[in-house]
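Every read-out reported here was derived from the displayed coordinates using simple, explicitly stated rules and does not represent laboratory data. Computed from a prediction, not measured in an experiment: that's the story for all the values here. Cβ: placed from backbone, ideal geometry, glycine included. Neighbour counts: every protein chain shown.
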Amino acid sequence: MLPYIAKRVLMMIPTLFAISIIVFTIIQLPPGNYLESYIAELEAQGESVDRQKVEFLREYYGLDKPLPEQYLRWAGGMLHGDFGYSFEFNMPVTKVVGDRMLLTMIVSFVTILFTWAIAFPIGIYSATHQYSWGDYGLTFLGFLGIAIPNFMLALVMMYVANVFFGTTIGGLMDPEFIGKPWTWDKVKSVLEHSWIPVIVIGASGTAGMIRRLRANLLDELSKQYVVTARAKGLPPRKVLRKYPLRMALNFFISDIGSLLPHIISGAEITAVVLSLPTTGPMLLNALKSQDMYLAGSFLMFLAFLIVVGVLISDLALVALDPRIRLSGGVAR
Amino acid sequence: MIRRLVALVALLCLAAPLLADEPPALAEEVAAGRLPPLSQRLPRTPRVVDVERPGWTVGRYGGDLHMLMAKDRDIRMMVVYGYTRLVGYDEQLRLRPDILERVDDDANRVFTLHLRRGHKWSDGQPFTAEDFRYFWEDVANNKDLSPFGLPRALLVDRHGPRFEVLDATTVRYSWDSPNPQFLAALAGANPLFIYRPAHYLKQFHARYVGLAKANAIATAAGSRNWAGYHQKLDEQFRFDNPALPTLEPWINTTPLPTTRFVLVRNPYFHRVDREGRQLPYIDRVIINVTDDKLIPARTGAGSVDLQMRYLRFDNYTFLKQAEARNRYHVYLWEKAIGSQVALYPNQNVDDPVWRKLMRDARFRRALSLGIDRHEINEVVYFGLGEESANTVLPRSELFRPQFRKAYASFDLTAANGLLDALGLTQRNDDGLRLLPDGRPMEIIVDTAGESTEETDVLELVRDSWRKLGIALFPRPSQREVFRKRVFSGKAMMSVWSGLSNAIPTPEMSPSELAPTTQEQLEWPMWGQYYELLGNGGEKPTPPDVQKLVQLYDEWRQARTDDERERVWLAMLAIHADQVYTIGTVTRALQPVVVRDDLRNVPKEGVMSWDPGAYFGMYHVDTFWFDRPEVAKVSKP
């Protein structure tokens, strides 16, 4: 087991290196650089730009250096924890991300709990009561959840809230708490405001999970060991809990790999629509304005979480499912 | 005793106008002794704001003004809207002293600036000549802080001014030759700041705390060196450092990054209304940051009190629809550019055959006559624009109808006649005219590739030019590439918006009309020649362009407004006659959303960056809310 983990960890180094090159290249792909898009944006609003100042910034930010040098500066900095400098905010990347990371994690975490809490019972019900009215009804709802894009749902909810209730949704807390230190009142306010984004962001995830759980469970339910267990007189609920449900859970564990990055970046577009103070809109803006160190470091962090998440889910599968083994060779 | 009483009474009488009511939001602070009373916060002679506009009234204190912005760094807009300048434009575009009590201007060469005695920064520290000296000696002439030298507006033929401190409230800048741009630069939307809060910035300056300590402070705060840290803190325009003292009406209290800025009233602001009450009327400004594409939607949902930025004309119907439900009004203001979309024949193009044509006024006139501006107006601007050559707007006193109409009608016969007279009579099988060397006339128009408006207009121009036997091909590229192609003469013709300031007064510089900088798309190399004082680019040969250069020089030396006006009109006449740039449609409209009970916002206005600073020249500090609760004390 230990040599295996060591091997996997070692493999992460070239993987991350390759990812860093790809990330850097993709950010550099659109023509121009941060200053160009900055000037373009100012001029689009009819403002004038001081060219002298732009030259100063070009030199100060090192944008006049060749690309490989810029890459080395960035990648080298990350090795000892310096994630670079955000041009847009004129401060180190770590400071920009700061508070947003925490709020993003809260929203994502609550969303995941919400997803599980809803999806599990419904998925099991649908599978055990296949082709019943209940199954059809819940399946219909599930497909709606998959089919409606999150941001669309958010827009509809915003419209309804505004036209019928006269309120604006958006934001994650009452305005007076923004930028204030954390207090019990602020926490309560965040909880009060987070249910709408949680429903909106969780809708498609819930629906997807219902479908997958149902399909996996249906596969198992018709297998002979289930029939045997029933024939031996085990109560139906116990049968379900003891055998097929556990078998059907593998997909759930391998999902952890993609879950980790989701926690910190989930649902960019929805967050933009609801103007949540999370990391999603920030990443999107950084990419748009070619604020390359902010965008690049953030993407690298996501990549790192994916790599780690995949490792964790692989190890968890080994631990939980005896059918999966580390060593090669033909089983059976 | 009696004498003492009399003195007291006399003192009270003197102080009476200054004892006008305290802004309620500050009353508590003053009562508790945390803030000196109003009379001690205002300069000895505050600026009395009295706006000459029908419907403008003295207001009441209180309320929060909500606005939306798309980026954190848009907070700088509050420096634009607040428009606190040494001198600033009023609505009639006259320069008026604002922070300054008085400017003595001797033939545009010697400027003596008189500060207001007792004027204070937002932290209560005095604002004096020392703040000017600090900028001049320790910022502008410091090699680390200003590696590129003095700001350009301070240079006349590469020479900076002499700077003198006459006394604690008087400073003088003098040049050997006139610098007529100086005051305009001070009044800019993004102004030339020639003063700094010295008492605050000295804490971080190597000269005052020692190099080692300054660098230690900077590195502890995460900057590379003291110069970088000083630069970062010293951003009067970016407005992103809440600790930096300011002179603006509202102080930013929120550091970046954030999604909600709260700005509170500056208790030391130097303007009062005619009843002696300190401005601004509105206590707080709240700016929520959201995505720019959502701003029209959220504006329509009624979440703002005042919004212009990020609203486009095509949002108008949507905004209008929710007007009643969400208690706001949509006004349409005018944009102050010469032409929404203008074509720039490049007189410095590489190709010798094309260059000869581009420099021929008859050819440019033919191209201008070959554009159906009415069609462009109807198709692209819903018929709400005005067909015009690229010239100043009717709002400007320099406007003359003949400038607007010059070669701006759609007249294919006249245009074809002009082209025939040029000897371009040969045509190929497609009906395209042939150049003297036998190539078909195919004009490639470079665009920066950013706006669909430009491509829509070009599409229509292409159709009508085809009838002249000229083909047009747009060549979208990217801004940097676009500029390089124009500057190097690779681009034959380019497309951009027209005159950037189309509401000039004779006092404003006509530099846009003469070759003065490389940025001018119609003659980049001639512009570069004057920008580099003859050390690069090309000297213009056509007599009409030389005349423009001469006129521009006359303007710089001019001593009276009459003289300046004469120069302006002469330059505009040459432009109208020579059609250096081809305008299409002007007077495009900008929606402005205003809460029903927000008073003193003009119904009609000009949306102009410089001069004007958008809302700035309309005095946002005098906007006020006409609602019952505003009369009561609102909590800060």
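As an exercise, identify the chymotrypsin sites (Phe, Trp or Tyr not before Pro) in the range B:346-449 lying in DSSP coil whose Cβ has no more than 14 other Cβ atoms within 10 Å. Here the sparse-neighbourhood loop sites are B:PHE382.
Please work out the FRET efficiency for the pair B:PHE473 and A:GLN130, using the Cβ-Cβ distance as r and a Förster radius of 60 Å; give the result to the nearest 0.05. Working from the Cβ atoms, E equals 0.45. A cut-off of 5 Å between modelled amide H atoms, ignoring neighbours fewer than 5 places along the same chain, links A:SER86 with A:MET91, A:VAL93. Assuming R0 = 41 Å, what is the FRET efficiency of A:PHE17 and A:PHE140, from their Cβ-Cβ distance, to the nearest 0.05? In this case the efficiency is close to 0.30.
Label-to-label distance, B:ASP123 versus B:ASP176, with points set 7 angstrom from Cα along the beta-carbon direction: 4.1 nm. Most simply put, the protein assembly as shown has about 75% antiparallel DSSP beta bridges, counting only bridges with both residues inside it.
All other residues whose Cβ lies under 15 angstrom from that of B:MET525 are scored, Lys and Arg at +1 and Asp and Glu at -1, for a net of +1. Only aspartates and glutamates eight or more places from A:LYS65 in sequence, or on another chain, were considered; those with a Cα closer than 20 Å are A:GLU36, A:GLU55, A:ASP82, A:GLU88, A:ASP291, B:GLU480. Residues of the range B:56-80 falling in the label zone of B:ASP90, defined by backbone nitrogen less than 16 Å from a point 7 Å along Cα to beta-carbon, are B:56-58.
The relative contact order of the range A:98-288 comes to 36 percent, based on Cα pairs under 8 Å that sit 6 or more residues apart.
Within the shell defined by Cβ-Cβ distances under 13 Å, the residues around B:LYS202 carry a net charge of -1, with Lys and Arg each +1 and Asp and Glu each -1. When the Cα positions of B:GLN321, B:LEU472, B:ALA27 are compared along the charge dipole of the protein assembly as shown, B:ALA27 comes out farthest toward the positive end, with charges on each C-beta of Lys, Arg, Asp and Glu. This ranking places B:GLU604, B:GLU480 by how few other beta-carbon atoms lie within 10 Å of each, fewest first, which gives B:GLU604, B:GLU480. Our helix-only sum for chain B, with -39,500 (n - 2.57) per DSSP H run of n ≥ 4 divided by its residues, gives a mean residue ellipticity at 222 nm of -8000 deg cm²/dmol. Bridging of A:LYS180 to lysines at a Cα separation below 26 Å is possible for A:LYS95, A:LYS188, B:LYS71, B:LYS232, B:LYS635, once same-chain residues fewer than 8 apart are set aside. Distance from the Cα centroid of the range B:488-530 to that of the range A:254-325 is 49 Å (rounded to whole angstrom).
Between A:VAL308 and B:LEU155, what FRET efficiency comes out of the Förster formula 1/(1 + (r/R0)^6) with R0 = 51 Å and r the beta carbon distance, rounded to 0.05?
Details: r = 56 Å, r/R0 = 1.10.
For R0 = 51 Å, the calculated efficiency reads 0.35.
Compared with the alpha-carbon gap, the fully stretched path from B:ASN225 to B:GLU563 is longer by 116.7 nm at 0.36 nm per residue. Bridging of A:LYS7 to aspartates and glutamates at a Cα separation below 19 Å is possible for A:ASP314, once same-chain residues fewer than 8 apart are set aside. Taking θ as phi - 60° and the Karplus parameters 6.51, -1.76 and 1.60, the scalar couplings of the range B:550-567 work out to 5, 5, 4, 4, 4, 4, 5, 8, 4, 10, 10, 5, 4, 4, 5, 5, 4, 4 Hz in sequence order, x denoting glycine and proline.
Only helical DSSP H runs with n ≥ 4 go in: add -39500 (n - 2.57) per run for chain A, normalise by residue count and round the 222 nm mean residue ellipticity to 500 deg cm²/dmol.
Values: 16 runs with 240 residues, N = 332.
The helix contribution divided over chain A gives -23500 deg cm²/dmol.
Using the Karplus relation 6.51 cos²θ - 1.76 cosθ + 1.60 with θ = phi - 60°, the per-residue 3J(HN,Hα) values for the range A:18-30 come to 4, 4, 4, 5, 4, 4, 4, 4, 5, 5, 7, 4, x Hz, with x marking Gly and Pro. For the range A:58-116, what does the relative contact order come out to in percent, with C-alpha contacts under 8 Å and a separation of six or more? Reported relative contact order: 15 percent.
Summing +1 for each Lys or Arg and -1 for each Asp or Glu, what net charge is found among the other residues whose Cβ lies under 11 Å from the Cβ of A:LEU245? Let's see the in-between values first.
Working: positive: A:ARG237, A:LYS238, A:ARG241, A:LYS242, A:ARG246; negative: A:GLU220.
Its environment carries a net charge of +4.
May I ask you to derive the relative contact order of chain B, considering only C-alpha pairs under 8 Å and at least 6 residues apart, and to give it as an integer percent? Reported relative contact order: 20 percent. The peptide list B:109-119, A:311-321, put in order of mean Cβ contacts within 10 Å with the highest first, becomes B:109-119, A:311-321. Within the range A:225-303, the trypsin sites (Lys or Arg not before Pro) that combine a DSSP coil assignment with at most 10 other C-beta atoms in a 10 angstrom radius are A:LYS232.
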